[in-house]
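**Q** Have a look at this one.
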Amino acid sequence: MRKPNGLSRRGVLAGAAGLVATGALAACGSNTGRGSSGGGSGPTIAQWYHQYGEAGVEQAVKRYAKAYSKANVQVQWTAGDYDTKLATALVGSGGPDVFEQSVAKVDQVRAHQLADLTDVFGAAKDDFTPAVLDAQTVDGKIYGIPQAIDMQMLFYRKSWLAKAGVSAPTTLAELASAAKKLTNKKVKGLFLGNDGGAGVLGAVPLWSIGQGYLSEDQRKVGFEAEAAAPVFAALRTMYSSGSLLLGAPADWSDPSAFTQGLTAMQWSGLWAVPVVQKALGNDFGVVAWPKGDDSGKPSVPIGAYASTVNAKSRHVDAAKAFAKWLWIDKTGYQRDFDLSYGFHIPARTSIAAKADKLSSGAGKDAVDLVQRYGKVQATPGWTSPMNTAYTDALNNIIRKGSHPESELKTAIGKIDKQLRTLYK
């Protein structure tokens, strides 16, 4: 879903988005987390959402809250920098009882900020997309109930590629070659964002060569500088080749550069499909980010906000009961939230399977891509300082032409230092 002036659900997909810097700020005593009143009796529960932009979303979540009879649920619609406000509130005693965030962080669990929700799932656990459930799991315990899935993918103009004799790329080399062939005086071959992809690609280059941010157990760096350097060098080559669109009127999350014919291919997300369909009809296709070499495979970044309970709440049991009611028991509300306001994939496979808008065309292709290649960007052990070290390296390599292996070694050193602090 879209905020009026920025990213919303899709914000969990960008490299730095959705990373809550827990413990970094002092609590704000005036922040009570109280908003509009629900209609139930029993304890009062404060529920926080970040500000969604599509019409009807705020009214919908307040309607859900009002329908709950076992507690008085008060919804706070949080504008601005939601992650920072949430991090501040969780440090003190005035935070929300129930709130949404993209990933359960190890440091949040260590600070006793998240309540264990494993027991609320029951048989429904197997109905959730595994990748987004993994993002809420620390040491085998689940700390969040996924609400909806967003994903990124590569859009391309079918007719333009056909005219140029270019196939939808399946390797990074093919992507670079296609971008060059599709570039002319009026059109650039590829748009990865106004920074050349430095701010949005995140773990995608690592996935393309079979590596990742962290090891499977989240305790070690998941990539090697020497092995990863060539794919980052290839991104720098594309950036400086003249085949990338840079300085577009709107950035990667907005498909206007693609729909207005400024680029033949664009990296964007599922939310853009309705706009692209309206503008181009069936003259577009979508594919995963291509593999970098034979050790990797195509990938699709996915993310999902999840409903989480504050372990410091005075009403933990009541908050857990409400979260279970809304995001596990009330499938009708889940379907409404996922499919009535924007274009998103339900986190539960049983709901996604019944979604008409996802049963054909680009919507169906997107669901297939998620099932085949979906990977979560932010993971429980990936902290904000780690992300800063990595994205600084990515930016320096792509935009400034810094030496890939040296930059990656510097990032690895900083990430390893953070890991030793986290798991001391």
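**Q** Which residue is farthest from the chain's Cα centre (by Cα), if the candidates are limited to region 83-97 and must be assigned to a helix (DSSP H, G or I) and touching a residue at least 60 places away in the same chain (Cβ under 8 Å)?
**A** We begin by selecting, within region 83-97, every residue assigned to a helix (DSSP H, G or I); these are 83-91.
In the following step, the residues that additionally are touching a residue at least 60 places away in the same chain (Cβ under 8 Å) were identified as 83-84, 86-91.
Numbers: Asp83: 13, Thr84: 17, Leu86: 17, Ala87: 18, Thr88: 22, Ala89: 22, Leu90: 22, Val91: 24 Å.
Only one residue fits best here, namely Val91.
**Q** All but one of (1) open to solvent by less than 40 Å² (accessible area, probe 1.4 Å); (2) among the charged types (D, E, K, R); (3) touching a Ser or Thr at 6+ places or on another chain (Cβ under 7 Å) hold for Arg348; which doesn't?
**A** Just one mismatch for Arg348, condition (3).
**Q** Give me a count of the residues in region 185-202 that are outside any loop (DSSP other than H, G, I, E, B) and among the β-branched types (Val, Ile, Thr). So that I can check it myself, show each step before the final result.
**A** Initially, region 185-202 is screened for residues outside any loop (DSSP other than H, G, I, E, B), giving 188, 190-191.
Okay, now just the ones that are also among the β-branched types (Val, Ile, Thr), so none.
Residues that pass the stated criteria total 0.
**Q** Which numbered condition in (1) of a type outside the set (Lys, Arg); (2) open to solvent by 10 Å² or more (accessible area, probe 1.4 Å); (3) not in a helix (DSSP H, G or I) is the only one that Gly413 fails?
**A** It is condition (3) that Gly413 fails.
**Q** While we're here: Taking region 232-277 only, how many residues are among the small types (Gly, Ala, Ser) and without any contact (Cβ under 8 Å) to a residue 40 or more places away in the chain?
**A** Step one: filter region 232-277 for residues among the small types (Gly, Ala, Ser), giving 233-234, 240-243, 247-248, 250, 253, 256-257, 261, 264, 268-269, 272.
Right, trim to without any contact (Cβ under 8 Å) to a residue 40 or more places away in the chain and you get 250, 256.
Residues in region 232-277 being among the small types (Gly, Ala, Ser) and without any contact (Cβ under 8 Å) to a residue 40 or more places away in the chain: 2 in total.
**Q** Filter region 39-68 down to the residues that are without any contact (Cβ under 8 Å) to a residue 12 or more places away in the chain and either under 25 Å from the mean Cα position of the chain (by Cα) or buried (at least 17 other Cβ atoms within 10 Å of the Cβ) (or both) and list them by number. Show your work before the answer.
**A** Our first condition is that a residue be without any contact (Cβ under 8 Å) to a residue 12 or more places away in the chain; within region 39-68, this holds for 59, 63.
The answer is Gln59, and nothing else.
**Q** Looking at region 371-394, which of the residues that are in contact with a helix residue (DSSP H, G or I) (Cβ under 8 Å, 6 or more places away or on another chain) and among the hydrophobic types (A, V, I, L, M, F, W, C) is modelled with the lowest pLDDT?
**A** For region 371-394, the residue satisfying everything is Ala378.
**Q** Could you list all residues from region 69-82 that are over 16 Å from Gln147 (Cβ atoms) and either among the hydroxyl-bearing types (Ser, Thr, Tyr) or touching a residue at least 24 places away in the same chain (Cβ under 8 Å) (or both)? Give the steps one after another, and end with the answer.
**A** Here is the first cut: in region 69-82, the ones over 16 Å from Gln147 (Cβ atoms) are 69-72, 74, 76, 79-81.
Scanning region 69-82 gives Ser69, Lys70, Ala71, Asn72, Gln74, Gln76, Ala79, Gly80.
For every residue, the table says whether it meets (1) hydroxyl-bearing (Ser, Thr, Tyr); (2) touching a residue at least 40 places away in the same chain (Cβ under 8 Å); (3) not in a strand (DSSP E or B).
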{"position": "Phe337", "(1), (2), (3)": "no, yes, yes"}
{"position": "Tyr341", "(1), (2), (3)": "yes, yes, yes"}
{"position": "Lys357", "(1), (2), (3)": "no, no, yes"}
{"position": "Asp365", "(1), (2), (3)": "no, yes, yes"}
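Yes/no matrix, rows are residues, columns are (1) among the acidic types (Asp, Glu); (2) at pLDDT below 95; (3) not in a helix (DSSP H, G or I):
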{"residue": "Arg219", "(1), (2), (3)": "no, yes, yes"}
{"residue": "Glu226", "(1), (2), (3)": "yes, no, no"}
{"residue": "Leu235", "(1), (2), (3)": "no, no, no"}
{"residue": "Leu246", "(1), (2), (3)": "no, no, yes"}
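**Q** Additional query: Just one of the numbered conditions (1) open to solvent by 50 Å² or more (accessible area, probe 1.4 Å); (2) farther than 29 Å from Ala179 by Cα is not true of Leu339; which one?
**A** All conditions pass for Leu339, except number (1).
**Q** Just checking, how many residues over region 290-313 are part of a loop (DSSP other than H, G, I, E, B), in contact (Cβ under 8 Å) with a residue 24 or more places away in the chain and either open to solvent by 10 Å² or more (accessible area, probe 1.4 Å) or of a type in the set (S, T, N, Q) (or both)? Spell out the reasoning first.
**A** Going through region 290-313, the residues part of a loop (DSSP other than H, G, I, E, B) turn out to be 290, 292-298, 311-313.
Checking which are in contact (Cβ under 8 Å) with a residue 24 or more places away in the chain leaves us with 290, 292-293, 295-298, 311-313.
Next, only the ones that are either open to solvent by 10 Å² or more (accessible area, probe 1.4 Å) or of a type in the set (S, T, N, Q) (or both) stay: 292-293, 295-298, 311-313.
Here the count works out to 9.
**Q** A further question on this structure: Can you name the condition, by its number, that Ala319 falls short on among (1) open to solvent by 10 Å² or more (accessible area, probe 1.4 Å); (2) at pLDDT 95 or above?
**A** Evaluating Ala319 over (1) open to solvent by 10 Å² or more (accessible area, probe 1.4 Å); (2) at pLDDT 95 or above leaves (1) as the failure.
**Q** If you don't mind, there's one more thing I want to ask. Restricting region 121-158 to residues that are among the charged types (D, E, K, R) and modelled with pLDDT of 95 or more, which is most open to solvent (accessible area, probe 1.4 Å)?
**A** Pass one, region 121-158, residues among the charged types (D, E, K, R): 125-127, 134, 139, 141, 150, 157-158.
With the extra rule that they be modelled with pLDDT of 95 or more, the set shrinks to 125-127, 141, 157-158.
On the way: Lys125: 98, Asp126: 140, Asp127: 26, Lys141: 96, Arg157: 29, Lys158: 95 Å².
Going through the qualifying residues, I end up with Asp126.
**Q** Which helices (runs of 4 or more DSSP H) does region 98-184 wholly contain that include 3 or more residues that are over 22 Å from the mean Cα position of the chain (by Cα) and more than 26 Å from Arg314 (Cβ to Cβ)? First the steps, then the outcome.
**A** On the way: elements: 106-110, 118-121, 130-134, 158-163, 172-181.
Result: 158-163, 172-181.
The values are calculated or read from the model by the stated rules, or taken from the named source; none is laboratory data. Small disclaimer: the values here were computed from a predicted structure and weren't measured. Every residue, glycine as well, gets a Cβ built from its backbone with ideal geometry; the counts of neighbours run over all protein chains shown. Calculation scope for accessible area: heavy atoms of the full protein, side chains included, ligands and nucleic acids excluded. Shrake-Rupley method; radii C 1.70, N 1.55, O 1.52, S 1.80 Å.
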